[in-house]
Amino acid sequence: MSPGNTLLRVEDLSVRARLGSRVFNIVEQASFSLRRGEVLGLVGESGSGKSVTCRAILRLLPGANLSIPEGRILFDGRDFTAMSEADIRAERGASVGMIFQNPASHLDPVMSIGDQVAESIVLHRGVSRAEAWGQAIDLLRQVGIPDPARRARGYAHEFSGGMRQRAMIAAALACDPQLLIADEPTTALDVTVQAQILRLLLDLRDKRGLSIILVTHDLGVVAQACDSIAVMYGGRIVETGPKRDVLKAPFHPYTARLIACQPNHSLAAQGAGSGLLPSIPGQPPSAGDMPPGCRFHPRCDLAQARCRESMPELVTRAPHHLAACPVTAEVQP
Ligand SMILES: Nc1ncnc2c1ncn2[C@@H]1O[C@H](COP(=O)(O)OP(=O)(O)OP(=O)(O)O)[C@@H](O)[C@H]1O
Ligand SMILES: [Mg+2]
């Protein structure tokens, strides 16, 4: 892996929340990197910090009480954490596009879909309105919207969920970004449409050399679409590495539990039609009330006294494969 091929390197990124007199980190020392054309799956239970991490990359934090006290976000040689507000604003869309879980709430209900895509093109490419409209229709065609010249004049409420998500993708691609951050882009969609959207993202990766951070709850999606994976728990990355290695031989007990909770895994283990899926016993910790030491220890079968006492570091366990669990490191060094 040559360093010149790295597009994004997130180093020790923390996001801090202030609530009254309380100050705590909701993302802590997250580090990961992404090569050009790579698809990274960011997974973890609800509340683990996936969305906050994604938004922090663009310094679009979801609350005025949040800040980035430490860390670097190196994108193509530039440090997003060190930029002025005007400079980072110019990077949004132009370098990094973002799509959200619920496209309905991020599309303007009173502006036609074509105008929304065109607006972004005018803003970033400085072309005329008429030219931008033509380019918008072309983008809508590229993301698989049928009869785009006609549909471009339609509004979000006239689009199905899958078509709205395609429109969001077109808007995110309007300025030809190198990185697309897709925060649970398929969660609200039915399975067939989910598969179509995933195929579209991979197609865009192949055609444009786009790098993608794909946030998902679904390890099946990671298995299907991603090259690498980063697993978050309690605001920290607990394991990261090539998809195949992580899914086949996880080093962190949390990753192993997540894999055991996937439908395919349980069906294979228990025979088809076996009813309820297993889930990880206990609740994930809440931000602001983290257990000491390893954040997973209260739910971990392998936990020892030291897991309660000190925070395990992410260490390399296999080529490009890191995990933060000293207990499994002794069993499988
Ligand atoms: N403005 C805020 N102030 C305090 N805490 C916040 C704020 N915004 C988010 N959080 C907390 O940060 C944590 C991480 O939230 P985040 O939305 O990143 O989780 P997530 O992994 O994306 O979850 P989901 O899978 O449900 O989307 C949560 O515990 C959330 O309550
Ligand atoms: Mg989220």
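Values in this text are rule-based calculations from the coordinates and carry no lab data. Only a predicted model underlies this, so the values are computations on that prediction, with no experimental measurement involved. Positions of Cβ are generated from backbone atoms using ideal geometry, with glycine treated the same way; all protein chains shown enter the neighbour counts.
Treating only the Cβ of Lys, Arg, Asp and Glu as charged (+1, +1, -1, -1), what charge dipole size does the range 103-176 show about its Cα centre? Round to the nearest 20 debye. Could the numbers behind the result be given before it?
Values: 8 positive and 8 negative charges, 29 e Å.
Using Cβ point charges on Lys, Arg, Asp and Glu, the range 103-176 gives about 140 debye.
Between beta-carbons, use under 11 Å as the cut-off and find the net charge around Glu38, counting Lys and Arg +1, Asp and Glu -1.
+3
Rg(Cα) of the range 129-210 divided by 2.2 N^0.38 Å? Display every interim value, and only then the final one.
Working: Rg = 12.4 Å, N = 82, 2.2 N^0.38 = 11.7 Å.
For the range 129-210, the normalised Cα radius of gyration is 1.06.
Based on the Kirkwood radius over alpha-carbon pairs, what value in µm²/s does the Stokes-Einstein equation return for the translational diffusion coefficient of the range 174-315 at 37 °C and 0.692 mPa s?
192
When you have a sec, figure out the Kirkwood radius of the range 1-132 from all distinct Cα pair distances and drop it here in Å to one decimal?
Details: mean 1/r = 0.0596 Å⁻¹.
Taking every pair of different Cα atoms in the range 1-132, averaging 1/r and inverting gives 16.8 Å.
Principal axis extents for the chain, Cα atoms only, whole Å, descending order, please.
66, 52, 44
Give me Arg36, Arg129, Arg236, Arg205 ranked fewest to most by other Cβ atoms within 10 Å of their Cβ, as a rough exposure proxy.
In increasing order of surrounding Cβ atoms, one gets Arg129, Arg36, Arg205, Arg236.
On a straight-distance basis, which aspartates and glutamates could pair with Lys243 in a cross-link, Cα separation under 20 angstrom, same-chain partners fewer than 8 positions away excluded?
Answer for Lys243, where 20 Å is the Cα cut-off: Glu38, Glu45, Asp183, Glu184, Asp203, Asp206, Asp218, Asp227, listed by chain and number.
Could you work out how much longer the chain between Glu330 and Glu158 gets when fully extended? Use 0.36 nm per residue separation minus the Cα distance between them, nm to one decimal. Before the final figure, lay out each step's value.
Values: separation 172, 0.36 × 172 = 61.92 nm, distance 5.71 nm.
Full-extension gain reported as 56.2 nm.
Using the number of other C-beta atoms within 10 angstrom as an exposure proxy, rank Cys261, Cys294, Cys54 with the fewest first.
Cys261, Cys54, Cys294
Multiplying the sequence separation of Thr187 and Ala249 by 0.36 nm and subtracting their Cα-Cα distance, what value in nm do you get?
Gain in length upon complete extension: 19.7 nm.
If you take every residue apart from Val27 with its C-beta less than 11 Å away from the C-beta of Val27, what net charge results, scoring Lys and Arg +1 and Asp and Glu -1?
The answer is +1.
Quick one: if the Förster radius is 41 Å, what FRET efficiency do Ser286 and Val127 give, using the C-beta to C-beta distance and rounding to 0.05? Please list the in-between numbers first.
Working: r = 47 Å, r/R0 = 1.15.
Efficiency, from the Cβ-Cβ distance: 0.30.
Could you work out how far the C-alpha centroid of the range 280-333 sits from that of the range 222-267, in angstrom?
14
Work out, in µm²/s and without decimals, the Stokes-Einstein translational diffusion coefficient of the range 181-254 at 20 °C, 1.002 mPa s, Rh from Kirkwood over C-alpha pairs. Display every interim value, and only then the final one.
Values: Rh = 13.2 Å.
In µm²/s, the coefficient is 162.
By counting other Cβ atoms within 10 Å of each Cβ, how are Thr6, Thr216 ranked from fewest to most?
So the ranking, lowest neighbour count to highest, is Thr6, Thr216.
What's the percent breakdown of Cα-Cα distances in the range 192-235 across 10 Å bins, shortest bin first?
24, 55, 19, 2
If one computes P(r) from the Cα atoms of the range 103-176, what percent of pairs lie at distances over 21 Å?
When all Cα pairs of the range 103-176 are counted, 13 percent exceed 21 Å.
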